[in-house]
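The values are calculated or read from the model by the stated rules, or taken from the named source; none is laboratory data. Computed from a predicted model, the values in this text were never measured in an experiment. With ideal geometry, Cβ positions are generated from the backbone for all residues, glycine too; neighbour counts draw on all protein chains shown. SASA here: full protein model, heavy atoms, side chains in, ligands and nucleic acids out. Shrake-Rupley method; radii C 1.70, N 1.55, O 1.52, S 1.80 Å.
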Amino acid sequence: MWREKLQLHKTNPIAALYPSCKFLILCLYAVCSFVLGSIGVGEGDYPLFLIPWFFVVPILSAASGVWKRFVHAFRAVLFIAALILVVQALLIPSEKVVWQLGFLRIYQAGLKSGLSLSFSILNIAGMFVWLFQTTENKEFTRALEDSGMNYKAAYVFISSLQMIDVLGKNSRTIMNAQRARGVETEGNMIVRAKAFFPSLVPLIVGAITSSEERVLTLESKGFDVNGPKTSLFELKKSGKEPLAGGIAIVVTLAVIVGRIVVWVL
Amino acid sequence: MGVVIEFKNVTYSYPLTDEPVIRDMSFTLEGGKFYGVIGENGSGKTTLCSLIRGFAPSFYKGELQGQVLVDGKPTVDYGPGELSLKIGYVFQNPFNQISGVKDTLFEEVAFGLENFGVPPEEIEERVVEVMKMTNILQLAEKNPFELSGGQMQRVALASVIVLKPDILVIDEPTSQLDPEGTESVFKIIEEMKKEKKTVILVEHKIDLVAEYADEVLVLKDGRLIRKDATAKVLTDMSLEKEGVQLPQMAILGNRLVESGVPLRYIPVTEAQACEVIGEAIRKGGK
Ligand SMILES: Nc1ncnc2c1ncn2[C@@H]1O[C@H](COP(=O)(O)OP(=O)(O)OP(=O)(O)O)[C@@H](O)[C@H]1O
Ligand SMILES: [Mg+2]
């Protein structure tokens, strides 16, 4: 009865896909982004096809039933992409100026490179966010082990994922401790940065010392024993993988063919 | 049962240190017995545990003279993972004893069994049994990273005893526990003894050691200054000068004897104190 409880019962068919199938979709999506990004539109050769293509990511997330989590995790990526777009557009000079306000100039080359870079980031990072929001850590572990990956490598991968959560929590604890000691942790960027670096030291030192004990803990729980391991959690294919993978391949082929047609014409 | 652990003139120093932490130790531990290890902070108790488990020197490196034998074979000759089936080790710090890859306590406790390739049905049975025993079954679905110190300590103990090793090395398992939790841990360890396991327990709570241990090892500055039956060691008033805290009952008994009350023997536990003091009072009354 416990074993039954530990299994995942996903109702959403997209979220329930096998992790490697989701990863295939991610890779094909990246290929499509690359191909579409190479099509220049208008006199500035702007990679405008990337913009509508990007909408696939939120739509896919919404269809996978992880819209809220997606938005939450995606905000940071959005911010970085916007920053890159602005910086590139303003700072890469070319003869052609697209738009001018006072001393601010948006150059054609800058806009092109900014669009290309920021939307590539949005597309690929967005797909990763989708992958990680629809897949539980234990699914990754099982999938990696089933794919024949060394269990130690799989452990490193998965424990780093878990560590991101834990370090986040620890850093909040440390921040609180710093605040209790009178260090300013709120306010503008400079104040925050000043508080941030001293917090890193106990965080990193703590992570290193605890890793030594972690190694011994693993060793004493037989992690190093040679021979087959068993697992309480079973990862099953949902059965829709060929369909989902098929759709992804067809779309990718269509995009490539489309690209070639544009080329030839 | 015969000897399961033997130290032959063991001297050990950690890397980059001049002074040895364990000095010239020789003793044997017998199977099926419960050994209490006591001593001040820094006297080498944890290092002794690491030596038994083979972490020193294979993991910590450092310099080992003499031999540590487990079942007659030097620990340095065991292959990786081989000792983990034989010796269960519960670390002093409960916070770093989780695997870091499981998202429920149930799976966390099952982690070792999965590594040993135990079939899932059996894993489930054993994990449920041990979690009941350590009183953490109600937490089974919690995330291992979100536990209190006391809960963590029970989890650490549970995930080791679920492996059913023949030898248990337990380093201060009750430092984070309330009196009730401490008592329950000792009950569990006693249970292990009934299953004929050898238990080596480092513990500062001397009254509990007095009650449960068969023999006591006293460490001071890396030396083994006593190793004998519990009643014998813990009634030895000369140990007080060595900074060893004796059980309240033993101190009381000694004071009574000094002041002329004839006790048949010096008690170390409450039950024994009741017995001998009761006897003395009844005799005195007549
Ligand atoms: N990894 C290490 N490297 C170097 N020295 C160490 C290491 N671990 C412990 N020591 C030193 O060895 C000595 C004995 O330490 P040990 O941890 O065995 O003491 P202990 O009896 O377990 O103390 P406590 O009651 O505080 O747990 C101490 O002086 C300590 O500083
Ligand atoms: Mg210690």
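Side notes on the structure shown:
- Highlighted here are the strands (runs of 3 or more DSSP E) found entirely within region B:187-286 that include at least 2 residues which are open to solvent by 50 Å² or more (accessible area, probe 1.4 Å) and under 27 Å from B:Gly88 (Cβ atoms): B:223-229.
- Search result, residues across region B:115-171 that are within 16 Å of ligand 1 (Cβ to nearest atom) and either farther than 30 Å from B:Gly44 by Cα or touching a residue at least 60 places away in the same chain (Cβ under 8 Å) (or both): B:Ala156, B:Val169, B:Ile170, B:Asp171
- All positions within region B:115-138 that are more than 7 Å from chain A (Cβ to nearest Cβ) and open to solvent by 30 Å² or more (accessible area, probe 1.4 Å): B:Glu121, B:Glu122, B:Glu125, B:Arg126, B:Glu129, B:Lys132, B:Met133, B:Asn135, B:Leu137, B:Gln138
- Filtered residue count, region B:85-101, keeping only those that are more than 16 Å from ligand 2 (Cβ to nearest atom) and either open to solvent by 40 Å² or more (accessible area, probe 1.4 Å) or closer than 15 Å to B:Ala158 by Cα (or both): 6
- Scanning region A:3-56 for residues that are within 14 Å of another protein chain (Cβ to nearest Cβ), open to solvent by 30 Å² or more (accessible area, probe 1.4 Å) and part of a helix (DSSP H, G or I) yields A:Arg3, A:Glu4, A:Lys5.
- Criterion violated by B:Asn143 - all others in (1) within 20 Å of A:Thr217 (Cβ to Cβ); (2) surrounded by 17 or more Cβ atoms within 10 Å (Cβ to Cβ) satisfied: (2)
- Qualifying residue in region B:62-77 (condition: aliphatic (A, V, I, L, M), open to solvent by 20 Å² or more (accessible area, probe 1.4 Å) and in contact with a strand residue (DSSP E or B) (Cβ under 6 Å, 6 or more places away or on another chain)): yes
- Condition met for B:Asn93 (within 18 Å of the chain's Cα centre (by Cα) and at the interface with chain A (Cβ under 7 Å from one of its Cβ atoms)): yes
- Test: residue in region A:179-187 that is of a type in the set (Ser, Thr, Tyr), loosely packed, with under 15 Cβ neighbours inside 10 Å and away from chain B (no Cβ under 11 Å): no
- Selection from region A:216-265 of residues that are open to solvent by 70 Å² or more (accessible area, probe 1.4 Å) and part of a helix (DSSP H, G or I): A:Pro242, A:Leu243, A:Ile247, A:Ile249, A:Val250, A:Leu253, A:Val257, A:Ile260, A:Val261, A:Val262, A:Trp263, A:Val264
Rundown of residues vs (1) crowded, with 17+ Cβ neighbours inside 10 Å; (2) within 16 Å of ligand 2 (Cβ to nearest atom); (3) modelled with pLDDT of 95 or more, yes/no style:
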site: B:Phe7; (1), (2), (3): yes, no, yes
site: B:Val10; (1), (2), (3): yes, no, yes
site: B:Pro15; (1), (2), (3): no, no, no
site: B:Glu19; (1), (2), (3): no, no, no
site: B:Ile22; (1), (2), (3): yes, yes, yes
site: B:Thr28; (1), (2), (3): no, no, yes
site: B:Gly36; (1), (2), (3): yes, yes, yes
site: B:Asn41; (1), (2), (3): no, yes, no
site: B:Lys45; (1), (2), (3): yes, yes, yes
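- Scope region A:102-139; condition farther than 24 Å from A:Leu28 by Cβ and either open to solvent by less than 10 Å² (accessible area, probe 1.4 Å) or basic (Lys, Arg) (or both); matching residues: A:Arg105, A:Gly110, A:Lys112, A:Gly114, A:Lys138
- Note on region B:102-114: residues that are surrounded by 23 or more Cβ atoms within 10 Å (Cβ to Cβ) and within 7 Å of chain A (Cβ to nearest Cβ) total 5.
- Condition check for B:Val37: closer than 27 Å to B:Phe186 by Cβ, away from chain A (no Cβ under 14 Å) and within 15 Å of ligand 1 (Cβ to nearest atom): yes
- Matching option when the condition is away from ligand 1 (no atom under 13 Å from the Cβ), touching a residue at least 60 places away in the same chain (Cβ under 8 Å) and more than 9 Å from chain A (Cβ to nearest Cβ), among B:Lys73, B:Lys86, B:Lys45: B:Lys86
- When B:Lys61 is tested against the conditions (1) on the phi > 0 side of the Ramachandran plot; (2) within 16 Å of ligand 2 (Cβ to nearest atom); (3) touching a Pro at 6+ places or on another chain (Cβ under 7 Å), the lone failure is (2).
- Top-ranked residue in region B:172-186 [being within 16 Å of ligand 1 (Cβ to nearest atom) and open to solvent by 30 Å² or more (accessible area, probe 1.4 Å); ranked as nearest to B:Ala273 (Cα to Cα)]: B:Ser175
- Test: A:Ala125 is of a type in the set (A, V, I, L, M, F, W, C), out of contact with any helix residue (DSSP H, G or I) (no Cβ under 8 Å at 6 or more places or on another chain) and in contact (Cβ under 8 Å) with a residue 24 or more places away in the chain: no
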